[in-house]
Amino acid sequence: MIPEIGQFTLVVACMLSLLQTVYPLYGVQTGHQGAIKSAKVLAILQFVFVSAAFLILSYLFFVNDFSVLYIAMNSNSLLPWYYRLAAVWGAHEGSLLLWVFLLSIWTAAVAVMSKRLPVESVARVLAILGLLSFGFYLFILLTSNPFIRTLPLFPVDGRDLNPILQDIGLISHPPILYMGYVGLSVPFSFAIAALLEGRLDSAWAKWSRPWTMAAWIFLTIGISLGSWWAYSELGWGGWWFWDPVENASFMPWLIATALIHSLLVSEKRGVFKSWTVFLAISAFSLSLLGTFLVRSGVLVSVHAFANAPSRGLFILAFLVIVVGSSLILFALRASTVKSRGRYELVSREAMLLVNNILLAAALIVVLLGTLLPLVHKQIGLGAISIGAPFFNRIFSVLIVPFALFLGVAPLARWKRQNIQDLTKPLIHSLIIATIATLLFLFIFATHFTWLALMGVFLGMWVFSTVGYELCLRARHRHSLFTGLLKLGNSHWAMSLAHAGFAVVIIGITMVQNYSIEKDIKLSIGQSISFEHYNFTFDGIEPLKGDNYTGTTGIFTVHRKGHFVTIMHPEKRIYTVQKMPTTQAAIDPGFTRDLYIAMGQKLPDGAWTLRIYYRPFIRWIWFGPVFMAFAGILMLFDRRYRHKKVKSLVDGENASC
Amino acid sequence: MLIKHKKRIFLLMPALFFLVVCIFLFKGLFKDPHRLVSTRIGKTVPEFTLPDLFQPSKLHHSSIFKGQKMLLNVWATWCATCYAEHNFLNKMANSDIYIVGMSYKDDRTKAIRWLKDLKNPYKITLFDKDGMVGMDLGVYGAPETFFIDSKGVIRYRQVGDISPQIWREKLSEIYKKME
Amino acid sequence: MQKLKCFLSSFALLTLCFYLPLASAAIDTFQFDNKAQDQLFHHLTKILRCPKCQNQNIADSNASLAKDLRNKTYELVKKGQSKDQIVAYMVERYGNFIRYDPPMTPATIFLWIGPLLVILIGFYMLFELTRKQKNQDLALDDTEMNRLKTLLKENVGK
């Protein structure tokens, strides 16, 4: 009975989403006030019903109702309760339900938090969000219903959740990443509403900005959680593989990052408006494209969902309708948009445009790199693979101008920057960055490589320019200390986000250039040394978990004779699916990770082991934490919420 | 006016690009991205010497593929699809199609028992214990079936099983065309 | 009975279709003559793709074919072959699919041209925009001003 209620609430939510699209639009057309105002109510009702459906599915997982096919496939009586709850989004059907559930949260949030906006605009935005929800509801109900029963059969037990997914990563990564994906629908809807209305102005950019920022925060955290999860769980210690599914999350991020910057310019200076609208459309389109790639099986990926052609066909049709019509609408309406701001070639506007150009180029690289294998095969040139060697090479080229400009842009003024005025700060930063780079490499590098020099320098360059800029702005009117305190949240946010980016560059550089990987054979009692570290294989112990058995290895680690830690890598065999998995032991550190994975036991009793020394790998995830925190700071900037409108009317003086 | 027209065309570019991408995505839906076309098509079978499955001392040279058109079926007892396919291979052998078998990365006794139990459709059965000849042929799974003409040139590779349906719809045509 | 069959087959289908990597590490312990060979081998196993698996290189994959390919790579490295020779050996057998670093073809050239074009067009537009603006005045247009004014009023009203 309960699954049927779940299905019923889902159907009701579907109907409501359709109503949420049609009725408010009708109201906007005819001027019917009731219909216009209904949008908010309908959005909230829709949220209530889909939440009910989501809670019901969660409950069914909690009580392990194996008469529901989806639960029989993805749960088991031995599965711990927290993984049972996370298993709701452990496979295709439930993860789609999560998707619409999150979409309804964003929709409801727009409905509740847009009191300052004209009701017609909000009605349009909600109508578009409703339409998106409607498409996904149809998709779930027609092709991927999680409430389908196995009846009349009643399985005794479930097939269990895929062992690889039984990790803290499953609990946190998908909801947060999806929150980001789905959140991009809000700036998308704002953009479409503005195009429909024919009012692309600074106010539109101002409304979109916090929503874009919020989605971007989730996306940033979601992606880095995914990277961290792959590193800690999958047993081969990689943190990014350039797999199509990873690319599918990276592409919206690139564009969302560009969008944040160009919304800033559009809001403050009233320029780049059609470009900004285009980015807003693209960001969400790419997140839809990602959904298609992940769920249709057109590309070979490590972590794809189970797929059926009907599903792929449905999403493709949805994609064509939503993205195709948006892009056509854009072409028709954006041609009438005029930018009136004036700025010169050396100005903050221009530099932010350079940032956008480089991000767009990066996007094209990832997009082509992801889709070209498909095209290549279809036009008869044969199957190819595009992977890490290609992407790493081209990204290490693109990052250079990107980081250099990133350092300069915050120092530049809006409208016009005198080049001479930039010379002093830049030369100072250059000197500081060079010294810092050499010091850093002297302390942490084992040998010299040009790539490492370049990477670390770029990071240090960003650090030093960010620091320099902060001092400069702080001392503009006050002493350094009071000046720093007086700087607004959004200024700190910018500096912090840029510093976070520098942290990531340094992390990637160090990991790529100075990692040490050893595949070795070790018997109990033996030890191996490298990089001042000594690993001793003390022994093994049997392992017994809730739903798995296995072996734990015990390793004692010393550095230069001092005890560091004891590590316990595991080799598990999950009882239900009989799948052996490797649970690597990781000793995290600020400047290095130690990583041990157990292979197999050899006939002579020794074990094959993989031991990694990964310098600065944590920085790859610290950076995004900085960036996300910066985003949150920006959202809570009071100045940004109230005063900025005034500065817009003044037409200038909107320096950050 | 002309400028505006130009601008509109320029702004339509993303939509066009998107449509082209969608066409490829649509086509991609109906193709298995895991299927690879053999690199050996149009080339003669690479040179090798392999023992016979039944008589380890008897060696076969790759010249056995010359003289008449034939199929080379790569199979293994660990492969479930091979089991599904076996019956039809027997039928083809009965209708005078010359099939050479290659036992791929398998256990000799298991393979011999398999052929005794399920009947042997192969005129010659090669034994590729470590899969190295398989690697030379670009085999990446079992079953795979190579269509080889009388000059010893590979004309087609079927990845996955040969079912009566695939044979009727596609493969028999390829087989007939070979000389 | 029909239903049971249907149920079972859908079951089987789903299990077959579930693509997730085998999460047990593939570890061999090869011995090399020198450090260069060791590095070459590890580099190669990272840039060669396992044709049988999902998207995994032969270093990470535990599939039997990946193992064969590792062994072969090891054998060729020990023989003193260069990176290009070994990649060519693999491509001859499995096609370009096996290399993560795609060769230049009439289509893959766009991987490089595409971003270059974006950058060139972008900078061209930037130059054009700044050039044009020199002879343009910068007042906000009336509708926009009015709109912002009403917005402000609404704000104050609240």
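Do you know which of the residues in segment A:443-479 that are over 17 Å from A:I620 (Cβ atoms) and touching a Gly at 6+ places or on another chain (Cβ under 6 Å) is surrounded by the most Cβ atoms within 10 Å (Cβ to Cβ)?
A:T465
Looking at A:A52 and the list (1) open to solvent by less than 40 Å² (accessible area, probe 1.4 Å); (2) over 33 Å from the mean Cα position of the chain (by Cα), which single condition is not satisfied?
Answer for A:A52: the failing condition is (2).
Looking at segment A:517-533, which of its residues are open to solvent by 40 Å² or more (accessible area, probe 1.4 Å), part of a strand (DSSP E or B) and farther than 19 Å from A:Q583 by Cα?
A:S527, A:S529 - these are the residues of segment A:517-533 that are open to solvent by 40 Å² or more (accessible area, probe 1.4 Å), part of a strand (DSSP E or B) and farther than 19 Å from A:Q583 by Cα.
Just give me the residues in segment A:245-255 being of a type outside the set (D, E) and either surrounded by fewer than 24 Cβ atoms within 10 Å (Cβ to Cβ) or more than 24 Å from C:T130 (Cα to Cα) (or both), in sequence order.
Listed by number, the residues that qualify are A:V245, A:N247, A:A248, A:S249, A:F250, A:M251, A:P252, A:W253, A:L254.
Suppose we keep only residues that are part of a helix (DSSP H, G or I) and more than 7 Å from chain A (Cβ to nearest Cβ) within segment B:20-42. Which one would you say is most open to solvent (accessible area, probe 1.4 Å)?
B:I23
So A:R393 fits all but one of (1) facing another protein chain (nearest Cβ under 7 Å); (2) charged (D, E, K, R); (3) over 27 Å from A:E267 (Cβ atoms); what number is the exception?
Every listed condition holds for A:R393 apart from (1).
Being in contact with a strand residue (DSSP E or B) (Cβ under 9 Å, 6 or more places away or on another chain) and crowded, with 22+ Cβ neighbours inside 10 Å narrows it down to one of B:G131, B:G160, so name that one.
Only one candidate passes the filter, namely B:G131.
Taking helices (runs of 4 or more DSSP H) that do not extend beyond segment C:1-92, which have at least 2 residues that are modelled with pLDDT of 90 or more and open to solvent by 40 Å² or more (accessible area, probe 1.4 Å)?
Passing ranges, in order: C:35-47, C:64-78.
Please indicate, with yes or no, whether at least one residue in segment B:64-77 is open to solvent by 20 Å² or more (accessible area, probe 1.4 Å) and over 25 Å from B:E179 (Cβ atoms).
yes
Where the second residue is at pLDDT below 85 and surrounded by fewer than 17 Cβ atoms within 10 Å (Cβ to Cβ) and the first is among the basic types (K, R) and lies in segment A:474-494, which pairs have Cβ atoms under 7 Å and are six or more apart or on separate chains?
A:K486/A:H478
Is it the case, given these coordinates, that A:S296 is within 9 Å of chain B (Cβ to nearest Cβ), of a type in the set (S, T, N, Q) and under 30 Å from A:E233 (Cα atoms)?
Taking the combined requirement at face value, the residue satisfies it.
Tell me which of these B:D130 doesn't satisfy, since it passes every other one: (1) within 20 Å of C:P51 (Cα to Cα); (2) not in a loop (DSSP other than H, G, I, E, B).
(2)
Can you name the residue in segment A:208-244 that is facing chain C (nearest Cβ under 10 Å) and surrounded by fewer than 23 Cβ atoms within 10 Å (Cβ to Cβ) and, of all such residues, is nearest to A:L286 (Cα to Cα)?
So the residue we want is A:W242.
Quick check: is even one residue across segment A:581-589 more than 14 Å from chain C (Cβ to nearest Cβ), in contact (Cβ under 8 Å) with a residue 40 or more places away in the chain, over 21 Å from A:S523 (Cα atoms) and outside any loop (DSSP other than H, G, I, E, B)?
No, segment A:581-589 contains no residue that is more than 14 Å from chain C (Cβ to nearest Cβ), in contact (Cβ under 8 Å) with a residue 40 or more places away in the chain, over 21 Å from A:S523 (Cα atoms) and outside any loop (DSSP other than H, G, I, E, B).
So for segment B:115-125 (the condition being open to solvent by 10 Å² or more (accessible area, probe 1.4 Å), in a loop (DSSP other than H, G, I, E, B), within 13 Å of chain C (Cβ to nearest Cβ) and at pLDDT 90 or above), does at least one residue qualify?
No, segment B:115-125 has no match at all.
Scan the helices (runs of 4 or more DSSP H) fully inside segment A:256-348 and keep the ones with 2 or more residues being modelled with pLDDT under 90 and crowded, with 22+ Cβ neighbours inside 10 Å.
Once the helices (runs of 4 or more DSSP H) in segment A:256-348 are filtered for at least 2 residues that are modelled with pLDDT under 90 and crowded, with 22+ Cβ neighbours inside 10 Å, what remains is A:273-296, A:309-319.
Let's see how each residue does on (1) facing another protein chain (nearest Cβ under 10 Å); (2) free of Cβ contacts under 8 Å to residues at least 40 places away in the same chain; (3) assigned to a helix (DSSP H, G or I):
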position: A:L353; (1), (2), (3): yes, no, yes
position: A:L358; (1), (2), (3): yes, no, yes
position: A:A362; (1), (2), (3): yes, no, yes
position: A:L381; (1), (2), (3): yes, yes, no
position: A:I384; (1), (2), (3): yes, yes, no
position: A:P389; (1), (2), (3): yes, yes, yes
position: A:I399; (1), (2), (3): no, no, yes
position: A:I435; (1), (2), (3): no, yes, yes
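Output the number of residues of segment A:13-34 satisfying the condition of being open to solvent by less than 80 Å² (accessible area, probe 1.4 Å) and under 31 Å from the mean Cα position of the chain (by Cα).
Within segment A:13-34, residues that are open to solvent by less than 80 Å² (accessible area, probe 1.4 Å) and under 31 Å from the mean Cα position of the chain (by Cα) number 7.
Any residue in segment A:220-229 that is at pLDDT 85 or above and not in a helix (DSSP H, G or I)?
No; the residues of segment A:220-229 include none that is at pLDDT 85 or above and not in a helix (DSSP H, G or I).
Which residue pairs have Cβ atoms closer than 6 Å, lie 6 or more positions apart in sequence or on different chains, and pair a first residue in segment A:453-470 that is more than 25 Å from A:H491 (Cβ to Cβ) and assigned by TED's automatic domain parsing to the domain that holds A:L430 with a second residue that is surrounded by fewer than 24 Cβ atoms within 10 Å (Cβ to Cβ) and aromatic (F, W, Y)?
A:V456/A:F440
Limited to segment B:133-179, what total is found for residues that are aromatic (F, W, Y) and assigned to a helix (DSSP H, G or I)?
2
Looking at this structure, is B:T49 touching a strand residue (DSSP E or B) at 6+ places or on another chain (Cβ under 9 Å), over 30 Å from B:R168 (Cα atoms) and more than 10 Å from every other protein chain (Cβ to nearest Cβ)?
In short, yes.
Can you tell which of A:F629, A:F563 is part of a strand (DSSP E or B) and of a type outside the set (V, I, T)?
A:F563
If you check A:D65 against the conditions, is it open to solvent by less than 40 Å² (accessible area, probe 1.4 Å), more than 23 Å from A:L313 (Cα to Cα) and of a type in the set (D, E)?
Answer is yes for this residue.
Determine whether segment B:85-102 contains at least one residue that is touching a Pro at 6+ places or on another chain (Cβ under 6 Å) and under 17 Å from B:T49 (Cα atoms).
No, the conditions are met nowhere in segment B:85-102.
Just to be sure before I move on: is B:K176 loosely packed, with under 15 Cβ neighbours inside 10 Å and closer than 24 Å to B:T44 by Cβ in the structure I sent?
Taking the combined requirement at face value, the residue satisfies it.
Taking segment C:109-122 on its own, how many of its residues are under 18 Å from A:I255 (Cα atoms) and within 7 Å of another protein chain (Cβ to nearest Cβ)?
Of the residues in that region, 5 qualify.
Scan segment A:411-427 residue by residue and report those that are within 33 Å of the chain's Cα centre (by Cα) and either modelled with pLDDT of 90 or more or basic (K, R) (or both).
Within segment A:411-427, A:R413, A:K415, A:L426 qualify.
Based on what the data block shows, is A:L430 open to solvent by 20 Å² or more (accessible area, probe 1.4 Å), farther than 30 Å from A:L374 by Cα and more than 30 Å from the chain's Cα centre (by Cα)?
yes
Give segment B:97-114 a look and list any residue that's open to solvent by 60 Å² or more (accessible area, probe 1.4 Å) and not in a helix (DSSP H, G or I), or say none.
Passing the criteria: only B:D107.
The values are calculated or read from the model by the stated rules, or taken from the named source; none is laboratory data. Keep in mind it's a predicted model, so treat the numbers as computed, not measured. Cβ: placed from backbone, ideal geometry, glycine included. Neighbour counts: every protein chain shown. Each accessible area value is taken on the protein alone, full model and side chains, heavy atoms only, with ligands, DNA and RNA left out. Shrake-Rupley method; radii C 1.70, N 1.55, O 1.52, S 1.80 Å.
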